[in-house]
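Chemist: Would you mind keeping the following structure in view while I ask a few things?
What follows is calculated from the coordinates using simple rules that are stated; it is not laboratory data. Everything quoted here is computed from the prediction, not taken from an experiment. Cβ: placed from backbone, ideal geometry, glycine included. Neighbour counts: every protein chain shown.
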């Protein structure tokens, strides 16, 4: 089965979301964050939310995929 452009984009966005989530988890394991790490954490949270919004928009425009992805 060939993936559609939207499916490829959705997979890419999900990978990015997971990458941001893993980095955030690593930062949250630290007892203290430097100022740079605090800025990185804030940026990652914003990027993660943006990616989630993009994934939801893709799913909204394709109801059959939205049903498959829950």
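Chemist: Going by average Cβ neighbours within 10 Å, how do the peptides 51-59, 30-38 rank, with the highest at the top?
Modeler: Ranked by mean Cβ neighbours within 10 Å, highest first: 51-59, 30-38.
Chemist: Helix 5-29 versus the longest principal axis of the chain: what is the Cα-based angle in degrees, 0 to 90, to the nearest 10?
Modeler: 20 degrees
Chemist: What number, in percent, do you get for the relative contact order of the stretch 5-68 if the mean sequence gap of Cα pairs under 8 Å and at least 6 apart is divided by its residue count?
Modeler: That works out to 44 percent.
Chemist: Taking semi-axes √(5λ) of the Cα gyration tensor in Å straight from the coordinates, which label in [x] 39, 14, 10; [y] 34, 17, 11; [z] 31, 11, 9 is the correct one?
Modeler: Structure-derived value, by its label: [z].
Chemist: Looking only at the stretch 40-61, which residues have a backbone nitrogen under 16 Å from a spot 7 Å from the Cα of residue 27 in the C-beta direction?
Modeler: Answer for the stretch 40-61: 40-52.
Chemist: Work out how much length residue 3 to residue 35 would gain on full extension: take 0.36 nm times their residue separation and subtract the Cα-Cα distance, in nm to one decimal.
Modeler: Using 0.36 nm per residue and subtracting the Cα-Cα distance, I get 7.3 nm.
Chemist: Still on this structure, I have one more. Quick check on the chain: helices-only [θ] at 222 nm, where DSSP H runs of length 4 and up contribute -39,500 (n - 2.57) each and the sum goes over total residues. Nearest 500, please.
Modeler: My calculation for the chain gives -28000 deg cm²/dmol from helical runs alone.
Chemist: Can you tell me the length gained on complete extension of the stretch residue 62 to residue 15, counting 0.36 nm per residue apart and subtracting the Cα distance?
Modeler: Separation in residues times 0.36 nm, less the Cα-Cα distance, equals 15.0 nm.
Chemist: Same structure, new question: Compute the long axis of helix 35-60 from its Cα atoms, compare it with the longest principal axis of the Cα atoms of the chain, and write down the angle in degrees, 0 to 90, nearest 10.
Modeler: It is inclined by approximately 10 degrees.
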